[in-house]
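The values are calculated or read from the model by the stated rules, or taken from the named source; none is laboratory data. Nothing here was measured: the structure is a model prediction, and the numbers come from that model. All Cβ positions, glycine included, derive from the backbone under ideal geometry; neighbour counts span all protein chains shown.
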2 protein chains.
Amino acid sequence: MGKIKEKAVCLVSGGMDSLVSMAMAIEDYDVCMMHAYYGQLTQERELKAFRDISAHYSIDKVMTFSLSTLAQIGGSSLTDPEIDVHTGGLVDGIPNTYVPFRNAHLLSAAVSWAEVLGASRVFIGAVEEDSSGYPDCRESFFRAFEKVVVEGTLPGTKIEIVTPLLHLTKTEIVRKGIQMRVPFELSWSCYKNNEKACGVCDSCILRLRAFEGAGLEDPILYEEKG
Amino acid sequence: MGKIKEKAVCLVSGGMDSLVSMAMAIEDYDVCMMHAYYGQLTQERELKAFRDISAHYSIDKVMTFSLSTLAQIGGSSLTDPEIDVHTGGLVDGIPNTYVPFRNAHLLSAAVSWAEVLGASRVFIGAVEEDSSGYPDCRESFFRAFEKVVVEGTLPGTKIEIVTPLLHLTKTEIVRKGIQMRVPFELSWSCYKNNEKACGVCDSCILRLRAFEGAGLEDPILYEEKG
């Protein structure tokens, strides 16, 4: 008889990183999937990816929730239609796709749900070095957030923030996903398009580079490959 | 010529504490008011209190936002209609009105907005000792959250979490409010009712005791005084 697994809340955007992070969680935990939408340009496409992934893994405990306050606040090309998503290739500095303090909102929601579920882990597929340099993707941010969880939840609550991909390269993440047979074809990373991935936004460039590094073809369709 | 004031985002629930906290902020800052609703029983009444307070102080920069994920998650008598709000008088331990990790959601929203506005302060009217003992109202929680803000926002961002009431008694808060002529008659604290305050939920009991301690009559209407 198997031991009853502890629960883990997995934040799943629908992109390649959160998919691999969740696949890693499934090996040891009873996974509850959580997804936020916030008026980002590809909101509907990401929701579809989330649903396809939950169906693929037959996860029953799923929650999608609105973070509409991020759309109200704006300040990012993902949520403000007046700001163009950067497409000229990767550049130094933090790109305008940064959504101010977004991961604090995601972690807050995941921790609230974990507290009610009695889950002991929150998984998030953040990548620190080989990505866009968002401040809320840094190791120091997640470790600081763990202290907030200790202080801000009921006595006796133990919820660890797990970031299994934090120091991997995107190519290593693709390799890991392939080993675990994750359905990359169901995931969606493009910041701009909902039908065929644009191939030229930062997220597409990072994804294409990751597959190229692994010597593999990305199974999703692209308009062009920038 | 006056110096241009720095901006502060004030979280205002519509209750007596956040009203006094905001009144203190107004003395030194250009105040932007923020209010969350999350399916709590008195959602409409609190929104009215928020609007009345913003009108009283002629604050133009206001944002109300939905935290519907807290209603989806439940786990509190304020958001789950199947759990009765406790009314038998104050008891030891953390009451079922605790909304799991709620203040992390509120602070995340306020910090995101502050980052976009260029505000240097976030005010929250939390009270640690003389209140219901919620873990996310402790000094240690707020200080830990400040570290998260440093790590999770753009380089150069400086946002301090200000908790001016944290170590005051509720009676001291009433006295401070009276000195500043805050419109307590516009505020709403009751957890249960939307017309006349119930007088018997923990929040009403704490408020009534606060006014009694200050030797003053609470200007709002009560069904009974528990």
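Taking (1) in a loop (DSSP other than H, G, I, E, B); (2) closer than 29 Å to B:ARG181 by Cβ; (3) without any contact (Cβ under 8 Å) to a residue 60 or more places away in the chain in turn, B:GLY14 satisfies each apart from (3).
Residues in the range A:135-169 that are over 21 Å from the mean Cα position of the chain (by Cα) and of a type in the set (S, T, N, Q) were compared, and the one that is farthest from A:ASP92 (Cα to Cα) is A:THR157.
Taking the numbered list (1) touching a Ser or Thr at 6+ places or on another chain (Cβ under 9 Å); (2) modelled with pLDDT of 95 or more; (3) surrounded by 20 or more Cβ atoms within 10 Å (Cβ to Cβ) in turn, B:LEU78 passes all entries but (2). Checked against (1) among the aliphatic types (A, V, I, L, M); (2) within 21 Å of the chain's Cα centre (by Cα); (3) more than 20 Å from A:LYS61 (Cα to Cα), A:ALA110 passes all but a single condition, namely (3). Listed conditions (1) in a helix (DSSP H, G or I); (2) over 17 Å from the mean Cα position of the chain (by Cα); (3) polar (S, T, N, Q); (4) over 23 Å from A:TYR38 (Cβ atoms) are all met by B:SER21, apart from (2).
Residue-wise test of (1) under 30 Å from B:LEU106 (Cβ atoms); (2) of a type outside the set (D, E, K, R).
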site: A:ILE124; (1), (2): yes, yes
site: A:ASP130; (1), (2): no, no
site: A:VAL148; (1), (2): yes, yes
site: A:THR157; (1), (2): yes, yes
site: A:CYS190; (1), (2): no, yes
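Within the set B:VAL200, B:VAL182, the sole residue that is assigned to a loop (DSSP other than H, G, I, E, B), more than 17 Å from B:ARG45 (Cα to Cα) and in contact with a Ser or Thr (Cβ under 7 Å, 6 or more places away or on another chain) turns out to be B:VAL200.
Mind checking whether some residue in the range B:9-27 is over 20 Å from B:LEU166 (Cα atoms) and modelled with pLDDT of 95 or more?
Within the range B:9-27, the first condition is being over 20 Å from B:LEU166 (Cα atoms), and the residues that meet it are none.
No.
Tell me, please, whether a residue that is small (Gly, Ala, Ser) and more than 27 Å from A:TYR57 (Cα to Cα) can be found in the range A:132-139. Within the range A:132-139, one or more residues are small (Gly, Ala, Ser) and more than 27 Å from A:TYR57 (Cα to Cα).
Applying the selection to the range B:26-39, what residues are surrounded by fewer than 24 Cβ atoms within 10 Å (Cβ to Cβ) and away from chain A (no Cβ under 14 Å)? The answer is B:ILE26, B:GLU27, B:ASP28, B:TYR29, B:ASP30. Can you find a residue that is within 20 Å of B:SER76 (Cβ to Cβ) and in a loop (DSSP other than H, G, I, E, B) anywhere in the range A:160-171? Within the range A:160-171 (the criterion being within 20 Å of B:SER76 (Cβ to Cβ) and in a loop (DSSP other than H, G, I, E, B)), the answer is no, since none of the residues qualifies.
State yes or no: is B:VAL174 buried (at least 23 other Cβ atoms within 10 Å of the Cβ), over 23 Å from A:LEU154 (Cα atoms), aliphatic (A, V, I, L, M) and at pLDDT 95 or above? When the stated conditions are applied, B:VAL174 passes them.
Of all residue pairs spaced 6 or more apart or on separate chains, those with beta-carbon atoms under 6 Å, a first member in the range B:131-144 that is closer than 24 Å to B:ILE205 by Cβ and a second member that is at pLDDT below 95 and part of a helix (DSSP H, G or I) are B:SER132/B:ASP202.
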